[in-house]
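Participant: Structure incoming, see below.
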Amino acid sequence: EMVDPDLISIFTAKELELLISGMPEIDIDDLKKNTEYNGYRPADREIGWFWNIMFSLSRSEKAAFLQFVTGSSKVPLAGFSELQGMRGVQKFSINKASGSAGALMSAHTCFNALDLPVYKSEDEMKEKLLYAISEGGGGFLFA
């Protein structure tokens, strides 16, 4: 009732959230500190590449990544230690993806999880991550 629906109908839900809330400041150190690993270890080469990439992203790319893996571009008020999932507080997790090397990464927003395949280089991983967050963050797909 406060805003005429015709005025906001041109925006997607994600765009409207960013207009209302603004672009979040995303603390990658806090995200890293509150990450769990399945199939990877924090010292693995691929995990090092992943965090290098995350620190190099622009503010809008970080927000798009957060939207891709959690379903929201907002950071919890208390930080990533309070990230909400389907079963309450659920940390971000990086899972080693099975399948072919070089495949696109995928996310499970209900579980704040990223399935990360093996890549040949950091550049390849960054290319795939940017593609995934730009093309895969727009809605739900059914296989």
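The values are calculated or read from the model by the stated rules, or taken from the named source; none is laboratory data. Only a predicted model underlies this, so the values are computations on that prediction, with no experimental measurement involved. Ideal geometry is used to build each Cβ from the backbone, glycine not excepted, and the neighbour counts take in all protein chains shown. Areas reflect the complete protein model, heavy atoms only, side chains present, ligands, DNA and RNA absent. Shrake-Rupley method; radii C 1.70, N 1.55, O 1.52, S 1.80 Å.
Participant: Can you tell me which condition Asp6 does not meet? The list is (1) open to solvent by 80 Å² or more (accessible area, probe 1.4 Å); (2) in contact with a Gly (Cβ under 7 Å, 6 or more places away or on another chain), and all the others hold.
Facilitator: Single failed check for Asp6: (2).
Participant: Read through the list (1) modelled with pLDDT of 95 or more; (2) in contact with a helix residue (DSSP H, G or I) (Cβ under 6 Å, 6 or more places away or on another chain), then give the number of the only condition that Gly137 fails.
Facilitator: (1)
Participant: Let me ask something else. Quick one: in the stretch 20-32, of everything that is among the charged types (D, E, K, R) and outside any helix (DSSP H, G or I), which residue is surrounded by the most Cβ atoms within 10 Å (Cβ to Cβ)?
Facilitator: Going through the qualifying residues, I end up with Asp27.
Yes/no per residue for (1) of a type in the set (Asp, Glu); (2) closer than 17 Å to Lys126 by Cβ; (3) touching a strand residue (DSSP E or B) at 6+ places or on another chain (Cβ under 7 Å):
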position: Asp44; (1), (2), (3): yes, yes, no
position: Trp49; (1), (2), (3): no, yes, no
position: Leu57; (1), (2), (3): no, yes, no
position: Ala64; (1), (2), (3): no, yes, no
position: Ser72; (1), (2), (3): no, no, no
position: Lys91; (1), (2), (3): no, no, yes
position: Lys96; (1), (2), (3): no, no, yes
position: Met105; (1), (2), (3): no, yes, yes
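Participant: Being within 15 Å of Glu135 (Cα to Cα) and of a type in the set (Lys, Arg) is the filter here; which residues of the stretch 32-82 pass it?
Facilitator: Scanning the stretch 32-82 gives a single hit, Lys62.
Participant: Would you please name the residue that is nearest to the chain's Cα centre (by Cα), looking only at residues in the stretch 83-117 that are of a type in the set (A, V, I, L, M) and more than 20 Å from Glu135 (Cα to Cα)?
Facilitator: Once the filter is applied, the top-ranked residue is Leu83.
Participant: Right, something else. From the list Val69, Val75, Val89, pick out the single residue that is under 20 Å from Lys33 (Cβ atoms), among the hydrophobic types (A, V, I, L, M, F, W, C) and modelled with pLDDT of 95 or more.
Facilitator: Val69
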